[in-house]
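Asks: Right, I'll just put the structure down here and ask away after.
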Amino acid sequence: MENNLNTMMPRIGDQAPDFKALTTIGELTFSEYNKSNWVILFSHPADFTPVCTTEMSGFATQGDFWKEHQTKLLGLSIDSIHAHIAWVNAVNEKTGVLFDFPIIADLDMKIAKLYGMLQPGESETAAVRAVFFIDPTGKIRLIMYYPLNIGRNMEEIKRVLIALQTSDEHKVAMPLNWMPGDKVIVPAPKTLEALEERKNSNLEMVDWYLAKKSL
């Protein structure tokens, strides 16, 4: 049974499964929400829990960043819409931070199962901390999973979003520990002619297959 669950889980390169859901901003169809935008779809184990509150607040306070990078947020947990609304209100009253992005109420666990967010070895009733980066064509480009007791790294989430978008725009790859502004990797030549051109270029050459440039 476990192997069957794993084969059904969405993978990098797959089209993100479509769904309709009740959220804190009303009913939402994912394919419509995703249209012409990047989407970061992420799950949290439960409302009114400490780690989740810090994470959701982290997402909420980066509104200008998401807007600048044409990215929408979409949260999810296996809680009721009333619990979501009460939690959003409580955090806003206590800290001044408003979770103004939609949060899916997935009481029947349908979407959590669809995206492999329920992992029985960790919990059968709470979603792990999954993060799906989905591009404007609806393709899953990157997936992160964290256990229930470890909060995500917001700077890493932002870094990989910029990396994905930069890679798409410039057709390049990113080396270890790449940060915005660092040099990028140029795809390796596929013909002898291209190899000769590379040798005569101004690229930073480590070897013929590993060359870097600034954008």
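Coordinate-derived values only; no laboratory data. From a predicted model like this one, the values you see are computed outputs, not experimental measurements. All Cβ positions, glycine included, derive from the backbone under ideal geometry; neighbour counts span all protein chains shown.
Asks: Rg and Dmax of the range 171-213, using alpha carbons, in Å: what are they?
Replies: For the range 171-213, the Cα radius of gyration and maximum Cα-Cα distance read 10.7, 32 Å.
Asks: Charges at C-beta only: +1 for Lys and Arg, -1 for Asp and Glu. How large is the resulting dipole of the range 2-152 about its Cα centre, in Debye rounded to 20?
Replies: Result for the range 2-152 is approximately 320 debye, rounded to the nearest 20.
Asks: I need the fraction of alpha carbon pairs in the range 40-165 separated by more than 25 Å, rounded to a whole percent.
Replies: Taking all Cα-Cα pairs of the range 40-165, the fraction more than 25 Å apart is 19 percent.
Asks: Treating cross-link reach as a plain straight distance, find the lysines whose alpha-carbon is under 22 Å from the alpha-carbon of LYS183, omitting any fewer than eight places away in the same chain.
Replies: Cα-Cα hits under 22 Å: LYS158, LYS171, LYS199, LYS212, LYS213.
Asks: Explain nothing, just compute: Karplus ³J(HN,Hα) = 6.51 cos²θ - 1.76 cosθ + 1.60, θ = phi - 60°, for every residue of the range 92-107 in order, whole Hz, x for Gly and Pro.
Replies: 5, 5, 7, 10, x, 8, 10, 7, 8, 9, x, 10, 6, 8, 10, 4
Asks: Another question, then. In whole Hz, with x marking every Gly and Pro, tabulate ³J(HN,Hα) for the range 76-91 from phi via Karplus 6.51 cos²θ - 1.76 cosθ + 1.60, θ = phi - 60°.
Replies: Each residue of the range 76-91 in turn: 7, 8, 8, 10, 6, 5, 5, 5, 4, 4, 5, 5, 4, 5, 5, 5 Hz.
Asks: Take the alpha-carbon centre of the range 1-74, take the same for the range 129-148, and report the distance between them in whole Å.
Replies: Result: 8 Å between the Cα centres.
Asks: With log10 I(q)/I(0) by the Debye sum over Cα atoms at q = 0.10, 0.12, 0.18 Å⁻¹ defined as stated, name the option among (i) -0.35, -0.52, -1.31; (ii) -0.45, -0.61, -1.27; (iii) -0.51, -0.69, -1.28 computed from the structure displayed.
Replies: (iii)
Asks: Please report the relative contact order for the range 90-215, taking Cα pairs under 8 Å with a sequence separation of at least 6, and give it as a percent rounded to a whole number.
Replies: In percent, rounded to a whole number, it is 12.
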